[in-house]
């Protein structure tokens, strides 16, 4: 048993690709060895900016001999089938074995030298390596058959034990030599075996372990910050990135002019982190410190003074640009910035960002005026909505798109706009993802909710819904955000009644894409209200559209108004509970969101299947009450009784419960069940109306014993047709009573 070292050296590998490449090297190498019957005891993988490497521990010097058996065609099969089988196995017919009329081939494969296996495996994995981006180089790049690698491949070290494994690919031959640190040890290093690889490179100022370089950067950065009374703002991603930029990391602390701190701290943080890859520091008071930590790739003779000075100079230029953007953007009011949104297309079928802003403003106001979002000022909600996207056209957000919303909040404060408006502008994108802060300030909630509702309603209206794994407009994330906002503030939002004026405006905007909108504005609300009220709209023989007006007369619309009517209907259909609309979509998102809370998805289906429930807060309250009920004995037994009743009714084709007058004296268990239903049905219905779902479950629980007794002693399919009909009707009453709370047929178990 011996160890194998493989190093693939090239020009600088992008930091973001290194860790995945290291994992892929170990995976592909293992897969190639498994094909040959080899399995290392373990694999240690390494990566630096200039090399990918691994050490496979305890490999045998040769593979074991193996015997493989293949089942072939029947002996009576056509000759062509036998010929194909022989070609596949490389045997002749006299080498086959016949068992019970079937041909079998036993192929014995002798053991092979491990060095030979490796000489074949390494070029294969190099050619198959899955770099996100790769390149060809040199004369060979003139053909598409040439090697592709992330950067030009310059050297291969392949040593099994003490012996070199001969490998050549595109003129690059394996050898014992590699290179150390680009500056500290630019000459060649001779590697004797896997055992001295890590330490020989360390002696030449190369730390091959990415994890070790991360630990060094984190520890020394914290030490440097603490020495000046600062703390490093934790950033694991930046630590990993700096480890991917260096082979010998040396964190150095520098400072910048405190005058730059007048720029919003988020801008300074992004300038340091994104543009310069610097660590950001806080002072003892927790405020942003006028200092930074950069990571050098060299142990400088002057202690890093020149490096710090150079980085300070570059950073000053960057921060000067940021301060210039900050000052220039504030010279223009947000409402004037917002006018430029007409130049930005939101979606070709949904118009500009200015069109979206108009819709969101109407919807935000409606949410407040209807009392859906409580405690907010309607004027402030509309104002915040109209200004929320204005910073998209500012210089600062152009430089740092990550600051959209944040900069708008700063600019709003600089204009002395109300604090609630500035906060809403800043936070209206939240929550962005799982675990993100969920706003609770009323004006912010109104704008954030309106913004996300508009995304979903608008894209559903133009049939741009998520499909499979594709969600180009992040509607699933928007759905989760809506659920989080509603749940956090317990907002009672009737989705099927979302602001008619908003939906009419959306319909008008869609219908008028590329048309002159002025002729439509006076009809939009009327048309949409017709659809809400269910008044018939028909297409006439000549292609024109007409509808019945409030007085019962017919009003004629010309052909050119047909698109508006059609889109009004489409928008309306997009928010209905049935079909692939917004409500089923949000119910699916609710399952995802509640999974972590331990809420069963089948119970959400059970409540949602009843229809008519478009209030997610109420729906979830009903689901949680149902979950508590169903795990108790009463609930579990009632579910069993319900399913037995439902199965009988399904078999007999009984769809609805009909009132049946008894023409016979009911058995005791039958009479008891009738009495229990007479008492439980109104109690359950009243409790559901009062949103006392625990009370509704308690009312249903009283049916458990009578149902059990009924099935124990009463024959449903009695020979007497009158008894049979009455008892089926009684079971239908049981089913319908349970359905007042949830559709138990959707509950598993």
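Every read-out reported here was derived from the displayed coordinates using simple, explicitly stated rules and does not represent laboratory data. The structure displayed is predicted, hence computed values, not measured ones. Positions of Cβ are generated from backbone atoms using ideal geometry, with glycine treated the same way; all protein chains shown enter the neighbour counts.
For a Förster distance of 60 Å, can you work out the FRET efficiency between the beta-carbons of residue 419 and residue 185, rounded to the nearest 0.05?
Plugging the Cβ-Cβ distance into 1/(1 + (r/R0)^6) gives 0.55.
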Relative to the first principal axis of the alpha-carbon coordinates of the chain, what is the inclination of helix 582-595, with its axis defined by its Cα atoms, in degrees from 0 to 90 and to the nearest 10? 60 degrees
For residue 344, put the label point 7 Å out on the Cα→Cβ axis and report which residues of segment 427-442 keep their amide N under 16 Å from it. 427-430
Read-out log10 I(q)/I(0) by the Debye sum over Cα atoms at q = 0.06, 0.09 Å⁻¹, candidates (1) -0.49, -0.89; (2) -0.67, -1.08; (3) -0.54, -0.96; calculated match is (2)
The rounded separation in angstrom of the Cα centers of segment 632-660 and segment 335-355 is 55 Å
To the nearest Å, what is the center-to-center distance of segment 140-179 and segment 381-432, using C-alpha atoms only? 53 Å
Rounded to the nearest 10, the angle in degrees between the Cα long axis of helix 633-652 and the longest principal axis of the Cα atoms of the chain comes to 70 degrees
Proxy reagent accessibility, fewest Cβ within 10 Å first, across 176, 411: 176, 411
If Rh is defined by the Kirkwood formula over all Cα pairs and Rg also comes from Cα, what ratio Rg/Rh do you get for segment 317-476? 0.98
Length-normalised contact order for the chain - Cα pairs under 8 Å, 6+ apart - percent: 7 percent
Can you order the peptides 617-623, 670-676 by their average number of other Cβ atoms within 10 Å per residue, highest first? 617-623, 670-676
For segment 210-329: relative contact order, % (alpha-carbon pairs under 8 angstrom, 6 or more apart): 30 percent
For residue 58 and residue 23, calculate 0.36 nm times their separation in residues minus their Cα-Cα distance, and state this gained length in nm to one decimal. 10.6 nm
For segment 632-746, diffusion coefficient by Stokes-Einstein and Kirkwood Rh (Cα), 20 °C, 1.002 mPa s, µm²/s: 151 µm²/s
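When DSSP beta bridges are limited to those with both residues in the chain, what percentage is antiparallel, rounded to the nearest 5?
Antiparallel bridges: around 95 percent, rounded to the nearest 5.
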Take the Cα of residue 259, step 7 Å along the line toward its Cβ, and report every residue of segment 314-344 whose backbone nitrogen sits under 12 Å from that point. 320
What order do you get for 592, 734 when you list them from fewest to most C-beta neighbours inside 10 Å? 592, 734
What is the ratio of the Cα radius of gyration of segment 210-329 to 2.2 N^0.38 Å, where N is its residue count, to two decimals? 1.03
Would you kindly state how much longer the chain becomes between residue 471 and residue 139 on full extension, computed as 0.36 nm times their sequence separation minus their alpha carbon distance, in nm to one decimal? 115.3 nm
Here, residue 628 and residue 219, labelled 7 Å along Cα→Cβ, have an inter-label distance in nm of 5.3 nm
Between residue 177 and residue 282, 0.36 nm times their residue separation minus their Cα-Cα distance comes to what? 33.3 nm
Whether segment 69-109 is rounded, prolate or oblate, judged on the alpha carbon gyration tensor where a/c under 1.5 counts as rounded: oblate
Angle check, please: helix 562-574 long axis (alpha carbons) against the longest principal axis of the chain (alpha carbons), in degrees 0 to 90, nearest 10. 80 degrees
For the pair residue 199 and residue 369, the simple spin-label estimate (label points 7 Å beyond Cα toward Cβ) gives in nm 8.0 nm
Could you tell me the calculated FRET efficiency between residue 596 and residue 321, based on Cβ-Cβ distance and R0 = 41 angstrom, to the nearest 0.05? 0.45
In what sequence, highest mean first, do 657-669, 691-703, 310-322 appear when ranked by Cβ atoms within 10 angstrom? 691-703, 310-322, 657-669
FRET efficiency estimate (nearest 0.05) - Cβ-Cβ, residue 75 to residue 124, R0 41 angstrom: 0.60
Helix-only mean residue ellipticity at 222 nm, the chain, DSSP H runs n ≥ 4 weighted -39,500 (n - 2.57), per residue, nearest 500. What is it? -15000 deg cm²/dmol
Per-residue Cβ contact counts at 10 Å, fewest first, order 335, 358 as 335, 358
Using packing as a proxy for protection, rank 450-459, 124-133 so that the peptide with the highest average count of other Cβ atoms within 10 Å comes first. 450-459, 124-133
